[in-house]
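See below for the structure under consideration.
Each value in this text was obtained by applying a stated rule to the coordinates, not by laboratory testing. Since the structure is predicted, the reported quantities are computational estimates derived from the model, not experimental observations. Virtual Cβ from ideal backbone geometry, glycine too; neighbours counted across all protein chains shown.
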Amino acid sequence: MPDRAKWVIETGGNGWGNNELEYYTNRVQNVQIQDGNLVITARREGYSDNEGVFRGYTSARLKTQGKFQQAYGRFEARIQIPRGQGIWPAFWMMGADPDHWPNGGEIDIMENIGKEPSTVHGTIHGPGYSGDKGIGSPFSLPAGTPFADAFHVYAVEWEPNAIRFYVDDNLYATRTPAELPKDTKWVYDHPFYILLNVAVGGDWPGNPDVTSKFPQTMLVDYVRVYQKKSGD
């Protein structure tokens, strides 16, 4: 299992604010370390908890909240994402302050929705620009190559007034305070924690269909965080 000194395995099946269909569990069927990779597996299976919540899919969601958080630096992960309609893998960050979302900010380093196999998205969310009003950019591989075919490195480099988004060292977007809607606030001035998950269904990706194959796995080779040296 992942190192519990570094990662919290979240559980629950309440839709997670997006009308998602999965129940996140802490079972090895959904989250384990295998051949040096973190393996998050989304499965089509009925699952119910002792409070009567039932879901038709299971998956896993990990976070470093309360274990690790940092303001500024480079945050990167080498990931091979899953594939298929209704599959929604993500590598992202949330503000580690007590304010309710989106006041603390959110940085989505990589999200993919299965209906777009060759495209990932990098997005920021904050008060007045959250949900479908998040400020984001897509990055696509050439010739329609699916991201799920191979590992790729997804990263942000975060400074006080800029967040730069990368795929395999390709800089594809830079967010700055100048881009924010009028009378909204740049909330990226405090520590954030890291999340990794594979959702199933939801408002953005839509539900799985007859083309969706299960189980689907996301493989994470590593997650690395760097700080700038003073004077750099």
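Each residue of region 68-82 in order: what ³J(HN,Hα) in whole Hz does its phi give by Karplus 6.51 cos²θ - 1.76 cosθ + 1.60, θ = phi - 60°, with x for Gly and Pro?
Residue by residue, region 68-82 yields 8, 8, 8, 9, 6, x, 10, 10, 9, 8, 9, 9, 10, 7, x Hz.
Under 11 Å from the Cβ of ARG44, count the other residues' Cβ atoms, weight Lys and Arg +1, Asp and Glu -1, and hand me the total.
Combined, the nearby Lys, Arg, Asp and Glu give +1.
Using only the C-alpha atoms of the chain, find the volume of their convex hull and express it per residue in Å³.
Normalising the Cα hull of the chain by residue number yields 133 Å³.
Return the long-range amide H neighbours of MET93 (sequence gap of 5 or more, or a different chain), with a cut-off of under 5 Å between placed amide H atoms.
For MET93, whose amide H was placed from the backbone, the distant partners under 5 Å are ILE107, ASP108, ILE109, LEU195.
In nm, to one decimal, how far is the modelled label at ASP99 from the one at ASN161, with both set 7 Å along Cα→Cβ?
Between ASP99 and ASN161, the simple spin-label model gives 1.9 nm.
Would you mind getting me the FRET efficiency between LYS133 and ASN207? Use the beta-carbon distance for r and R0 = 22 Å, nearest 0.05.
In this case the efficiency is close to 0.40.
Using the basic label-point model (7 angstrom from Cα toward the beta carbon), what is the ASP168 to ASP3 distance in nanometres?
Going from the ASP168 label point to the ASP3 one covers 2.9 nm.
Rounded to the nearest 0.05, what FRET efficiency is calculated for GLN34 and THR11 with R0 set to 30 Å and r the Cβ-Cβ distance?
Result of the calculation: an efficiency of 0.90.
Could you work out how much longer the chain between ARG74 and ARG44 gets when fully extended? Use 0.36 nm per residue separation minus the Cα distance between them, nm to one decimal.
7.3 nm
Longer than 25 Å from Cα to Cα, which of LYS182/LYS229; LYS67/LYS228; LYS133/LYS185; LYS6/LYS228; LYS133/LYS182; LYS63/LYS228 are they? Say none if no pair is.
In this structure, LYS182/LYS229 lie more than 25 Å apart at Cα.
In whole Hz, with x marking every Gly and Pro, tabulate ³J(HN,Hα) for region 186-202 from phi via Karplus 6.51 cos²θ - 1.76 cosθ + 1.60, θ = phi - 60°.
Here the 3J(HN,Hα) series is 7, 10, 10, 9, 8, x, 10, 10, 9, 10, 9, 7, 10, 8, 10, x, x Hz.
Give me Rg/Rg_expected for region 13-116, where Rg uses Cα atoms only and Rg_expected = 2.2 N^0.38 Å with N residues.
1.16
Along Cα→Cβ, 7 Å out, is where each label goes; now give me the distance between the ones at LYS182 and GLU116 in nm to one decimal.
Each label point is offset 7 Å from its Cα along the Cβ direction, giving 2.8 nm.
As an exercise, take the mean of 1/r over every pair of distinct alpha carbons in region 88-219, invert it, and state the Kirkwood radius in angstroms.
About 15.6 Å for region 88-219.
Defining a contact as two alpha carbons under 8 Å apart and six or more residues distant in sequence, what relative contact order in percent does the chain show?
29
Ranking request for peptides 116-125, 70-79: highest mean number of other beta-carbon atoms within 10 Å first, then the rest in descending order.
Averaged packing, sorted descending, gives the order 116-125, 70-79.
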